[in-house]
1. Any residue that is within 13 Å of chain B (Cβ to nearest Cβ) and under 25 Å from the mean Cα position of the chain (by Cα) - is there at least one of those in segment A:273-283?
2. Out of segment B:400-455, which residues are closer than 30 Å to B:Glu506 by Cβ and β-branched (Val, Ile, Thr)?
3. Provide a single number: the residues in segment A:193-210 that are away from chain B (no Cβ under 14 Å) and either open to solvent by 30 Å² or more (accessible area, probe 1.4 Å) or in contact with a strand residue (DSSP E or B) (Cβ under 9 Å, 6 or more places away or on another chain) (or both).
4. State whether the residues of segment A:299-316 include one that is touching a residue at least 24 places away in the same chain (Cβ under 8 Å) and in contact with a Phe, Trp or Tyr (Cβ under 7 Å, 6 or more places away or on another chain).
5. What's the number of the only condition in (1) of a type in the set (Asp, Glu); (2) over 17 Å from the mean Cα position of the chain (by Cα); (3) in a helix (DSSP H, G or I) that B:Asp211 fails to meet?
6. Quick check on this structure: which one of B:Gly519, B:Gly446 is in a helix (DSSP H, G or I) and small (Gly, Ala, Ser)?
Amino acid sequence: MNEFVAPEIDWAVLSPVLVVLAAGVVGVLVEAFVPARARRVVQLVLTLGALAGSLVAVALLWDRVLTDGLAFVVDGTVLLTPFTLGIQAVVALLALLGVLVVADRTSTGQDAFAPTAAAVPGTAYEDAARQAGLQQTEIYPLMLFATGGMLLFPATDNLIVLFIALEVLSLPLYVLCATARRRRLLSQEAAFKYFLLGSFASALMLFGIALVYGATATVSLELAVSRLANPDSPVLTMMPDLVIAAVLLISVGLLFKIGAAPFHTWTPDVYQGAPTPITAFMAACVKAAAIGAMVRVLFTLAAGLDEPLRRDLETGLWVVAILTMLVGTAAGAVQTDVKRMLAYSSIAHAGFLLVAMVGLDEVGAQAVLFYVLAYGLATLGAFAVVTLVREQDADGVVLGEATHLSQWAGLGRRSPLLATAFSLFLLSMAGIPLTAGFLAKFGAFSAAVEAGAWPLAVIGVLASIVAVFFYVRLIVLMVLTPPVEETADDGVTPAGAVAADGTPDDGFRDGEGVEDGPEPARTGTLTAARALAGRAAVVVVASQGPTAVAITVCAVGVVLLGIVPAAVLDWTTQAAAFRPFGP
Amino acid sequence: MTTQTLSLAPWLVATPLIGAALLLLIGRRGDRWGHWLGVLASTATFVIGLVILLDMLGVDAEQRVATSSVGTWIDAGPLTVDLGFQLDPLSMTFVMLVTFVGTLIHVYSVAYMSHDHDRRRFFAYLNLFVAAMLLLVLADNYLLLFVGWEGVGLASYLLIGFWDHHLPNAVAGKKAFLMNRVGDMGLIVAMMLMLATFGALDFGTVLGSADAADQGLNTAIGLMLLLAACGKSAQLPLQAWLGDAMAGPTPVSALIHAATMVTAGVYLLVRSGPLLEAAPDAQLVIAIVGALTLLFGAVVGCAKDDIKKALAASTMSQIGYMMLAAGLGPIGYAFAIFHLVTHGFFKAGLFLGAGSVMHGMDDDVDMRRFGGLWRLLPVTWITMGFGWLAILGVPPFSGFWSKDKIIEAAFVGEGWRPWVFGTVALVGAGITAYYMSRLFFMTFAGRRRWSADGADGTVERHPHESPLLMTVPMVVLALGSVGLGWVLAAGDGFVHWLEPVTGHAEHDEPVLAVPVIIGLTLTLVVVGAALAWVQYATRAVPTTAPPAPALVRAARVDLHQDDVNETLVMRPGQYLTRSMVFADRTAVDAGWLGLAGGVGRLGSWLRGWQSGYARQYAAITLGGLGVIVLVIWLVATTAG
């Protein structure tokens, strides 16, 4: 028996993750000990401070990791590479902006979250909580835990830690999704679906990890790769199917998180149902973290595969990329709900990211890093704008978000600045030159061409063209179409759930201002939301400040990345090294 | 010339431009005094021009050519274009013509437009025109010239359609603008060719190296410049807009569509003289265009009953003379410009006279309802009379000195050319005498075809002489019509004045003796005038156009110029655009709509999978994984 030796721990390497997780723990204590009135401010300061601290930690580690090529603790349980740090920086930055959107209570004085998420929707208890002005400040520690998980997700060599990170980031999100102040049943339904499907994907990934262990007798990525690549190794020759199954199953878990087809089905429903600030946070940060983990894990594993297996993996990526772009753009083009449209847009972007990845090399890693930053800024900004466009009932009470596209008509006249910012985000997502999105797409497609995957690049360009349609349609709607107070059906069948025998429309009983809705039965819950939308008047509420700051930062970022991208491109090039030189 | 004088050059353009800007920006507040600001800007420009002119007259002929650069305008690698001004006898001649006649017409307009509530805007456009025209003639490179070229086109468009509440006026403005675009394309192509050939656009480089360039290229550039000149100067085949341009207020017709802007084409060709001399074929085409147009305008002028349109046809014909002269080479350049200057005076005077007549006749323009006005409008009658004698070329009025020189020059040369061009010029002079006398007699002589009480089915009119603000400019211009030709011709003064630019031309003898030519010309003029006297002063003039032979009927509708344009250009153009639209709809749009429809159907189909049931989503996840595995397996097996 060996004597137990306390491991040497390099705390600096842990710091980006540790700061955030520790702040999350402190946040829980704050909930317990700080008086209710002060909690929000304390939580907010703590959260923003922790995320900023994480960014600082990343910056401090930067030179060291760049010089050494890696930094790790305890056999790579946490392992930093330049690419990992790059992803962590992007995640922390986007999370910081996301928290700003979450914190904003707008001119209505209400944030996007239920007074007490535990209350059953429509009960007297819920009313009482609302009357009492309760607020759910636990969202801040929850966000910190989720962010901690995201920071850890790409920062490990150990597949078990990878799985733990996945769960650490996912579980708080499941809860957060269920906390919407309005349309609470929709929110809870979304959270439950996300949880069920997320668990399913986690299980598949865990199975994949088990198969890796079965094939190589290790859960360390680098060790597994070196064993697979060992010329004397019998694994690849004797059990190629086992290896490719392992790689594919792990990929499924990651692809699920980035919302790639056919593992995307949760995305529209969850993005629509979740409180919009949380949607913004998820769409930007989770995708960045998951794609980071994917580059780390998949690219590394691919290095251990022999030629036929590598080709199998690439085939799989091709299929997923094509499917994802197709689903994202085609289904996005027929949406009538702005949140759902943005959800499909994010699916399409997952497809473009996969196009960048098919080379499984550093060119792809660099393109991916720039892409998630450009995409994250635009998406977060866009959802932040959505939080400010609200419905209003006849008494002038501001209700939930006005998400039906027809309600956005004429927004440019009502609120030119907001419409300008939103147009900017849409143009960036569409990949119009002089915005970040153009360079991001250019980088992604040229990475694919460099890897010899020009058909994918062609399909990507075609998909982009189709995507331009629904982005620009929204701009046209905002800028050129006069606002319609009594919105008629715009002739487009609502997207999403149209099952004739769908679930009852219980999602809306709590939604203020929707009681006068027609034909409640026989429509899917999500459809009903859109069918009922477009009734109330539309109003743009003023931000208290944080959301405005977030939107401004995103807009400026999108423009700067589009016009003077050199510094960031240099940075992403430096950060393209996704593998340690050899631990 | 002193540097101080040179530094004044930009102010020639800036002064009226500032005037225009102020008048436009000041808005309705300036309605009461804005017109005087316009007059002031124009006068100040004239004074600046005069200062430069006096300075220029004080130096030797060789030193009269100078350029003054404000700075670099375009710096694009190998190509640099200066914001430079060319000061030489040619440009100063134009400056004096434009500012002097322009100022007189500004003054005239104060009274003429006094009842128009948009008078301030009118003066803003007039100032804008002066600025653009001066930029056109002062530019020291083709590109800057082009800015002025477009500027005068814009001003012309704005002023033709000034009364755009009446649809035909707006249409006339559009017609002028569009036809000028055709010519502008010529100038643009010419500049492209210059860039390709000489690598520069400034007069110095282009004209200085034209000799060494390929003759074919020179010819191409020359023809493109001719196309530009045809558009701006209403020469065949781009002449059709000028008649309609009479829709603008009469002072506009006088200044822009008679005295100055329409002569810009002649300026362009004379300015490009050295290049044209290296392109004899282009020169020949220029002469032919000029000869054809001078006949065309003359024939049309004989049949027009609208006093302004008759004058417009005459303008076209007289510019034809200038064009013909410009096509004759160095021998003709000076005479082209000479005639341009005298024409600027007498034609502006005639137009202002016509405006005065209209002023007295309730804005009627139909000469068949005029007659016997000499007694009631004495100042108008006398000033127009001088203009009439001048355009007829009766000695010693100014037109004689300039037009006769062109006719003489047309008879110079070898082979068939002097006989053809000379004869055309000669016959043109006779026809000119006829139609201008017709105009003059129909208006002032003969029986009154109107009455003060509207009796006997005649129109009711109360003719009266115009106010001093209108008659004084008319008198000044009439004095020019009388004496300017003689003054400038004395000792060949004007020809020598232009020599630094046009070059010295050897005096070749015409194929007919000069006295013979003069004699023939004067005979034809007298015959033409007498014919008109008999027809329109002694006999009764029907108040509606009588039936007439085919040629007259054709001339009344401008020799079917609009029909020709419509048949040759407009209809084929419409068919072309229609077929393009058709192709766009059926092929291009259909393709895109098909794609869009496909995407929409695919989207709707995909939406069907999005049922909202978690169980189905899980199934899709698992089934999707199965599909991926299947594809991988298929690809792996087929690949071997």
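The values are calculated or read from the model by the stated rules, or taken from the named source; none is laboratory data. For clarity, every value in this text was computed on a predicted model and none was experimentally measured. Counting neighbours? That spans all protein chains shown, and the Cβs are built from the backbone with ideal geometry, glycine included. Areas reflect the complete protein model, heavy atoms only, side chains present, ligands, DNA and RNA absent. Shrake-Rupley method; radii C 1.70, N 1.55, O 1.52, S 1.80 Å.
1. Residues of segment A:273-283 within 13 Å of chain B (Cβ to nearest Cβ): A:273.
So of that shortlist, the ones also under 25 Å from the mean Cα position of the chain (by Cα) come out as A:273.
Yes, segment A:273-283 contains at least one residue that is within 13 Å of chain B (Cβ to nearest Cβ) and under 25 Å from the mean Cα position of the chain (by Cα).
2. If we filter segment B:400-455 for residues that are closer than 30 Å to B:Glu506 by Cβ, which is where we start, we get B:400-430, B:432.
B:Ile406, B:Ile407, B:Val412, B:Val420, B:Thr423, B:Val424, B:Val427, B:Thr432, listed by residue number.
3. 2
4. yes
5. Going through the list (1) of a type in the set (Asp, Glu); (2) over 17 Å from the mean Cα position of the chain (by Cα); (3) in a helix (DSSP H, G or I), B:Asp211 breaks only (3).
6. Details: B:Gly446 fails: in a helix (DSSP H, G or I).
The conditions single out B:Gly519.
For (1) open to solvent by 10 Å² or more (accessible area, probe 1.4 Å); (2) more than 30 Å from A:Gly208 (Cα to Cα); (3) not in a strand (DSSP E or B), each residue gets a yes or a no:
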residue	(1), (2), (3)
A:Ala129	no, yes, yes
A:Leu134	yes, yes, yes
A:Leu144	no, no, yes
A:Ser170	no, no, yes
A:Leu173	no, no, yes
A:Leu185	yes, yes, yes
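Matching residues to (1) at negative phi; (2) aromatic (Phe, Trp, Tyr); (3) out of contact with any helix residue (DSSP H, G or I) (no Cβ under 7 Å at 6 or more places or on another chain); (4) open to solvent by 50 Å² or more (accessible area, probe 1.4 Å):
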{"residue": "B:Asp362", "(1), (2), (3), (4)": "no, no, yes, yes"}
{"residue": "B:Thr383", "(1), (2), (3), (4)": "yes, no, no, no"}
{"residue": "B:Pro396", "(1), (2), (3), (4)": "yes, no, no, yes"}
{"residue": "B:Phe400", "(1), (2), (3), (4)": "yes, yes, no, no"}
{"residue": "B:Ile406", "(1), (2), (3), (4)": "yes, no, no, no"}
